[in-house]
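A short reminder: the numbers here are calculations on the coordinates, not readings from a lab. Worth saying up front: this structure is predicted, and the values here are computed from it rather than measured. Cβ coordinates were reconstructed from backbone atoms using ideal geometry, including for glycine residues, and neighbour counts include every protein chain displayed.
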Amino acid sequence: MVRNCSVDRTLTILSDAWSFLVLREIYLGARRFDQIQGVLHMPRSTLSERLNRLVDHNVIRRDPIPETKSRFDYRLTERGFDLYLVMLAMLRFGDDWLAGKKTPPLKLIHASCGHECHPETLCSACNEPVDALHVTYRDGPGAGISSSTVMPQRRRTGDVETFERGRPSSVSRTLGILADRWTFLVVRELFFGIRRFDVLQERLGIATNILTNRLTRLVSQNILKRVKYSQVPERYEYKLTAMGRDLYLPLIQMLRWGDKWLGHKKPLILRHGDCGKDFAPVIACDHCRQPLDPHHMRYYLTYGKRRKDHPPALLAAEDEPGHQ
């Protein structure tokens, strides 16, 4: 039995890092199987499974290509468009923490105001930035526990080198840290204030060796720090670093998406300490502070031969939600 959680429900659909990267390519204009596979260099059977899963959960749709008998275009549904905001939160984290001294590989332009855009998370009540240290929570009408979801048993997909083989990306770099569902859920429990190994294991129903592996990796990546709290016997707990606390923003975007689209009552209600009001996380342009709409976003790449000085629309007009 595990805590009801919209983040967990969202991850049940997205499954693993490959699902995020498949969606990323569709956001960047890929429509056909071979286009996606040509960039990601993932096994064809793996890509087919992830596409089928996203179709089954109504994140993308499969449109037959009229001149062919067995080929399809993959296009975003309204649910899929809304997941773009989760991607923007992951991109901002990767730009802030994982680019090093390099220029981020993708630059966004907010067409509505015409400025370069660094997406930020704002409180829906006061329109001010959200920080993990200034948010509290309480149980919502959907709080409680339920049976854990049975997920396919997969090994970790890989590290950032695996995800960047076809396209350097701040999303890829973020996924190099949060590469599977267990890692997301371990980090989620840290935000709930759970710091000790035995309590994490009990809350998540996770095998000891898997939990040890995920905690060790998160410490090595500077997401967590290991702090001794007992000399005899020697015991340690885990705390989020400043970098780890910034992962709160992608996680609450997943929570928002799950609350909106997965047909459950909200398990959790967030309150912004700065204004004292309940809120939903809003992804906004840091220049004009208006909420971002996928159709108003443009981009250009800052690497290789694909660099574009005149950025195209990120999402094609015919893919607007509701278009058939």
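Ranking Cys285, Gln35, Thr212 by Cα position along the charge dipole of the chain, where only Lys, Arg, Asp and Glu carry charges on their C-beta atoms, puts Thr212 farthest toward the positive end. When the Cα gyration tensor is reduced to axis lengths a ≥ b ≥ c, the ratio a/c is 1.5 or higher for segment 82-152, and with a/b above b/c it is classed as prolate. Given the alternatives (i) 173; (ii) 125; (iii) 149, volume of the Cα convex hull per residue in Å³ as computed for this entry is given by (iii).
Among Phe184, Phe192, Phe72, Phe163, the ranking by other beta carbons within 10 Å of each residue's beta carbon, starting with the fewest, stands as Phe192, Phe72, Phe184, Phe163. In terms of surrounding Cβ atoms within a 10 Å radius of their Cβ, Leu270, Leu91, Leu98 rank from fewest to most as Leu98, Leu270, Leu91. Computed over the chain with a Gaussian network model linking Cα atoms closer than 10 Å, the most mobile of Val186, Val86, Val135 is Val135. Projecting the alpha carbon convex hull of segment 179-246 along each direction and taking the average yields 4.5 nm². Long hydrophobic helices in the chain, taken as whole DSSP H segments with a C-alpha length of 24 Å or more on their own axis and mean Kyte-Doolittle hydropathy at least 1.6, are absent.
Classify segment 1-88 from the C-alpha gyration tensor, please: rounded if a/c falls under 1.5, else prolate or oblate depending on whether a/b exceeds b/c. Judged from the Cα gyration tensor, segment 1-88 comes out prolate (a/c at least 1.5, a/b above b/c). Each part gets one Cα centre, and for segment 28-50 versus segment 238-293 those centres are 30 Å apart. Put a plus charge on the Cβ of each Lys and Arg, a minus charge on the Cβ of each Asp and Glu, and nothing anywhere else: the dipole of the chain about its Cα centre is then about 780 debye.
Ordering Leu40, Leu54 by the number of other Cβ atoms within 10 Å of each residue's own Cβ, fewest first, gives Leu40, Leu54. Only Cα pairs under 8 Å and 6+ residues apart enter the sum, and on that basis the relative contact order of the chain stands at 29 percent.
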